[in-house]
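*Asks:* Starting off with a structure, shown below.
A short reminder: the numbers here are calculations on the coordinates, not readings from a lab. The shown structure was predicted, so the numbers you read here are calculated from the model rather than taken from an experiment. Counting neighbours? That spans all protein chains shown, and the Cβs are built from the backbone with ideal geometry, glycine included.
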Amino acid sequence: AESSLALMLLLDQFPRNCFRDTAHMYATDPLARLLADDAIRRGHDQAVSEDLRVFFYLPFSHAEDLEAQHRACRLNQPLGGLYLHHAEEHREIIERFGRFPHRNKILLRETTAEERQYLEEGGFSG
């Protein structure tokens with residue numbers, strides 16, 4: 001379980017901090033999700049304390065995929081509080097836009113008028 005946790009940190013958190021403001025910060029997201037899924041099936045998330053468990057769930061919150069967002073909310077439900085709020089906030093954005101608008105510039109995507117307004121009004125910025 002500890003090795004799986006270390007891998008989650010390496011694939012999901014490390015790139016977000018080391019490659020901030022570049023597309024590289026998202027490069028390992030699909031692999032992080034795949035390995036998080038495997039670790040959860042093996043019960044590794046349940047083998048660590050609740051405050052560390054969230055690191056197995058973040059790869060799903062970081063996905064621009066609605067099913068992954070629903071899963072993140074289900075996984076964070078028992079943790080409640082800020083963990084669940086964080087997951088629900090991410091899901092709402094994907095439900096509304098199908099992607100995270102704050103990533104558009106970094107990923108060289110066109111920003112829609114609705115996304116632009118959302119961001120200008122202080123919408124979630126990662």
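*Asks:* Once you have the Cα-Cα distance between A47 and Q13, take 0.36 nm times their residue separation minus that, and quote the gain in nm to one decimal. If you can, show how the numbers build up before the last one.
*Replies:* Working: separation 34, 0.36 × 34 = 12.24 nm, distance 1.99 nm.
Stretched fully, the A47-Q13 segment lengthens by 10.2 nm.
*Asks:* Calculate, in nm to one decimal, what L82 and D38 gain on full extension: separation in residues at 0.36 nm each, minus their alpha carbon distance. Could the numbers behind the result be given before it?
*Replies:* On the way: separation 44, 0.36 × 44 = 15.84 nm, distance 2.48 nm.
Once the chain is fully extended between L82 and D38, it gains 13.4 nm.
*Asks:* Would you please name the trypsin sites (Lys or Arg not before Pro) within the stretch 1-97 that are DSSP coil residues with at most 16 other C-beta atoms within 10 Å of their C-beta?
*Replies:* Taking the stretch 1-97 and a limit of 16 other Cβ atoms within 10 Å, the loop trypsin sites (Lys or Arg not before Pro) found are R20, R42.
*Asks:* I'd like the orientation of helix 81-97 relative to the chain: the angle between its Cα long axis and the longest Cα principal axis, in ° from 0 to 90, rounded to 10.
*Replies:* Result, in degrees: 40.
*Asks:* What is the fewest-to-most order of C73, C18 by other Cβ atoms lying within 10 Å of their Cβ? Spell out each step's value before the answer.
*Replies:* Details: C73 17, C18 10.
Ranking C73, C18 by Cβ neighbours within 10 Å, fewest first, gives C18, C73.
*Asks:* In square nanometres, what is the average projected area of the Cα convex hull of the chain?
*Replies:* Dividing the Cα hull surface by four gives the mean projection, 7.4 nm².
*Asks:* When the helix-only estimate is applied to the chain (DSSP H runs of n ≥ 4, each -39,500 (n - 2.57), divided by the residue count), what is the mean residue ellipticity at 222 nm, nearest 500 deg cm²/dmol?
*Replies:* That comes out to -17000 deg cm²/dmol.
*Asks:* Quick one: if you stick a label point 7 Å off each Cα along the C-beta vector at I106 and A1, how many nm between them?
*Replies:* According to this spin-label approximation, the distance is 3.1 nm.
*Asks:* Fewest to most neighbouring Cβ within 10 Å: what's the order for L35, L52, L107?
*Replies:* L107, L52, L35
*Asks:* Across the stretch 45-53, in residue order, what do the Karplus-derived ³J(HN,Hα) couplings come to in whole Hz, using 6.51 cos²θ - 1.76 cosθ + 1.60 with θ = phi - 60° and x for Gly and Pro?
*Replies:* Here the 3J(HN,Hα) series is 5, 7, 8, 10, 5, 4, 5, 9, 4 Hz.
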